[in-house]
Each structure stands twice: as structure tokens, then as C-alpha cells.
Amino acid sequence: MDLLQLKYFNTVATTQNMMKASKLLHVSQPAISKNIAKLEEEIGCQLFYRNGKNISLNPAGTKFLECSNSAVELIENGIEELNLFAGDIEQRIYVGIAGSCSRMSECIAKYSTHHPNAIFDINGNIWNEEKPDINEYDVIVYPDTTNYAKYNGYPLYIEHYYLAMDEHHPLANKTKITISDLKDLDVVYLRHAKSVEHIQRTVKALAINFSKTYYVNTRELHMQMISEKLAVGFVPEGATKMYGQENGIVLLPITDDRFYRQVNIAFKRDKHLSESAKDFKEYTIKYFKIKEQ
């Protein structure tokens, strides 16, 4: 069974007339008849009632038409997408980001102004992948934690954490948060795959005791828990634009410098990068003033 047979069948089934089908397909009637007969042989049943020159679908043909229409549409859409993909594959740059990363977004935006043909395919949720594969991306941006240690990338920048809370929270009128302010609060952490955001390690190292602890697996739920006054939460600089007054959330800096995370960047090996990806790598290294090892 092939696509051509299905197209012949669909046309005959729709027109219920061999002559009309022949004209629409620009194929001789014997060729159409031969292909449909072969299709019926492969399926193992007749698809049409035949009475001289008259032809019409039987119940099996009616049922098969539904499947055939779906199959042809799916294949043709797939071919169209593949052709589009193949046409821009050299301009396509794959970026993986473990969580929100506004500085990387700014880098991509500035690069795009000078390279309008570049096409970025960005996965901003790789932290939910238990073992993200660098080979699936040209560049990957991630926090410097043990679960990403295998990437052996370069330090990119440091992001400090803010404490996010509902605008009516007792601490919301302060300008900064101290360690003593954190004691006995209800807190919500963002869980990534099987790990919790690494700021929890800082909290444990400082022996800060919270009244109640929650865990959520999406940034949206994290914001919702905070805006609904259920807990406060820690938010890295790169994600602060997602929170804010429009969500009824106040973000305050934490005075202790230990509330930060190192953000790293890693690139796929040059021999596996397209020319566009290599160019973007060079641009990114200059943009962030990365010192290659």
C-alpha cells in the first residue's frame, strides 16, 4: 500500500466516477483501476460496488475512506513541514534553557537584529528533563548544580535571588530582606524533575527554619501559591519579570550575598554545529565576554 494508491482511492470514492477521477488525476482509467484493485487485494476486501460503468462505495469502502483521508492528510502535512524544515535547517539554532533566563533572551534578540534569517528553536523547560542531552541543542544555559555538572560549560553570570510575597504580606513594606526575616515563614520551592531548586541548600546551610514548606513543579504554580498568600518563594533575577505587581506580588532583595546562583553555558562540539550555530556561539562568547577554557 502506498500514498499513490490512497490518493487514487480517495478521488474515485469522492467522485464515484472513473472518468471524472481520471481527469482530476491526469491518469488513465486503466491505471486507476489497476491501483485500486491492488489496494483491495492488499486489504483483503472489496471497497466498491461495481455495476458496469457505475461505481460506488460499499460499507467497507466508506469506513476505509475515513482512514485513508486522515492518512493522506497526515502524510502530506508531514512532507510539507519537512520541506519547510529542510529549507531552514542551516539557519536553525537550538537553544536549551533551564528555567527563565532574561539575559540570554536579550542576547538572542540582539543577535536576531543583525541576523534576520536566523531561526531560534528554544526549549525553556529543560529542567523538567531528568537528563537533558547537550547533543539535542547547539547551546544550553543552566544553573551550576550537580545535575548539570557533566556539561563542563563556562561561567556565564551570577543571578541573585529575591524573596517574592503577596503585596499584603507583613514583610511587603520592607525594602530588603534579612536572614532573620525569613524565619518561621511558609515557603514554596520549585521542583525540577527529581531535584529541588538549589537555593534550598543555602537555606539548609544557614539553618533557616520555615513554618511550612510546599513544592510545585511549574513556575505558574509557584506564582499562584505566592499571589494567593499561601507562601513566599525565592525567585532568581532571570525570572523576576514573570512576577511583579500585576500579579499582586512584591519582590525584595535579600541582604545576604549567599542567596545567588551561578549560571553556566555549554556548547555542542564545533564539528556538530551548523555554520549559523557556530556564528551564534562566537557572538555569545563576545556578548558575555566568556573566557574559553
For the stretch 112-250 the translational diffusion coefficient, Stokes-Einstein from a Kirkwood Rh over Cα pairs at 25 °C and viscosity 0.890 mPa s, in µm²/s, is roughly 146 µm²/s
Protection proxy (average C-beta count within 10 Å per residue), highest first, orders 182-192, 206-216, 27-37 as 182-192, 27-37, 206-216
At q = 0.11 Å⁻¹, the log10 of I(q)/I(0) for the chain from a Debye sum over equal Cα scatterers comes to -0.76
Between the Cα axis of helix 3-15 and the main Cα principal axis of the chain, the angle (0 to 90°, nearest 10) is 70 degrees
Between the Cα axis of helix 29-43 and the main Cα principal axis of the chain, the angle (0 to 90°, nearest 10) is 60 degrees
Expressed in angstrom and ordered largest first, the alpha-carbon extents of the stretch 205-293 along the principal axes are 51, 30, 22
From DSSP H assignment alone, runs of 4+ in the chain each adding -39500 (n - 2.57), the sum over residues rounded to the nearest 500 puts [θ] at 222 nm at -12000 deg cm²/dmol
Under the 7 Å Cα-to-Cβ spin-label approximation, D121 and I179 lie apart by a distance in nanometres of 4.7 nm
Expressed in nanometres to one decimal, the distance between label points 7 Å along Cα→Cβ at S28 and Q224 is 6.5 nm
Using the Kirkwood radius over Cα pairs of the stretch 177-245, the Stokes-Einstein translational diffusion coefficient at 4 °C and 1.567 mPa s, in µm²/s and rounded to a whole number, is 103 µm²/s
Rounded to one decimal in nm, the spacing of the 7 Å Cα→Cβ label points at T15 and V72 is 1.1 nm
The chain, Gaussian network, Cα under 10 Å: of R103, R50, R258, the residue fluctuating most is R50
Rounded to the nearest 10, the angle in degrees between the Cα long axis of helix 102-114 and the longest principal axis of the Cα atoms of the chain comes to 50 degrees
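Values quoted throughout were computed directly from the atomic coordinates according to the rules given, and no laboratory measurement underlies them. Computed from a predicted model, the values in this text were never measured in an experiment. Here the Cβ is made from the backbone with ideal geometry for all residues, glycine too, and neighbour counts use every protein chain on show.
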